[in-house]
Each structure stands twice: as structure tokens, then as C-alpha cells.
Amino acid sequence: MTQPSHQPTPVEIQKALGGVDYPATRDSLVDTARQHHADESIVELLGKLPSHRYETPADVSKDIARLR
């Protein structure tokens, strides 16, 4: 049986974004995830977020939920 592609959990995403100074842009979120050597699925997901300022981690989570 083939395992479906991994959907990052909110905890995994926030761990990858540890140390982000909010407000933050989508690009700074992607850069931070890469600096933390996050799984490529997390980097790709963050790259699909709308390009605007995120005031809090909750704002990031809300937009990620809209993508799914």
C-alpha cells in the first residue's frame, strides 16, 4: 500500500518557524523554514501562502488551513 504524501502538521510548521519575528512576510517565513532545515513539504506549503504580512503565528495557521 502506498503512503500518501505527508501533510505537515501545525506543530511541525510552527517548529520550522521558531524564532520568526512577527510581523513577517511570506518570504521571511520560507527563509526561516529553510534555515531550520524544514522538510520540503513545509517549505512548499509556506511558499503557497498569500504574499502579505502575517502579524501572528495564528495568522499563518489560518491561511495554511485555507490552502488545504
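The values are calculated or read from the model by the stated rules, or taken from the named source; none is laboratory data. The structure presented is a predicted model; accordingly, all values stated were derived computationally and were not measured. Every residue, glycine as well, gets a Cβ built from its backbone with ideal geometry; the counts of neighbours run over all protein chains shown.
Filtering the stretch 31-60 to residues that are in contact with a helix residue (DSSP H, G or I) (Cβ under 9 Å, 6 or more places away or on another chain) and more than 13 Å from ALA16 (Cα to Cα) leaves GLY47, LYS48, LEU49, PRO50, SER51, HIS52, ARG53, TYR54. Cβ-Cβ contacts under 8 Å between residues 6 or more apart (or on different chains), taken from a first residue in the stretch 1-27 that is over 13 Å from ALA38 (Cα atoms) and at pLDDT 95 or above to a second residue that is aromatic (Phe, Trp, Tyr) and not in a loop (DSSP other than H, G, I, E, B), are listed as TYR22/TYR54; PRO23/TYR54; ALA24/TYR54; THR25/TYR54; ARG26/TYR54. Within the stretch 35-58, being among the small types (Gly, Ala, Ser) and either within 18 Å of HIS6 (Cα to Cα) or out of contact with any Lys or Arg (no Cβ under 7 Å at 6 or more places or on another chain) (or both) holds for ALA38, SER41, GLY47, ALA58.
So, in the stretch 35-68, how many residues would count as being assigned to a loop (DSSP other than H, G, I, E, B), within 10 Å of the chain's Cα centre (by Cα) and closer than 17 Å to ALA24 by Cα? Walk me through it before giving the result.
If we filter the stretch 35-68 for residues that are assigned to a loop (DSSP other than H, G, I, E, B), which is where we start, we get 36-39, 48-53, 55-56, 68.
Now narrow it down to the ones that are within 10 Å of the chain's Cα centre (by Cα): 38, 48-49.
Those left that are additionally closer than 17 Å to ALA24 by Cα: 48-49.
Residues that pass the stated criteria total 2.
Residue count for the stretch 20-34 satisfying the condition of being in a loop (DSSP other than H, G, I, E, B), in contact with a Lys or Arg (Cβ under 8 Å, 6 or more places away or on another chain) and buried (at least 18 other Cβ atoms within 10 Å of the Cβ): 0.
Looking across ALA33, ALA24, one residue alone is of a type in the set (A, V, I, L, M, F, W, C) and in contact with a strand residue (DSSP E or B) (Cβ under 7 Å, 6 or more places away or on another chain). It is ALA24.
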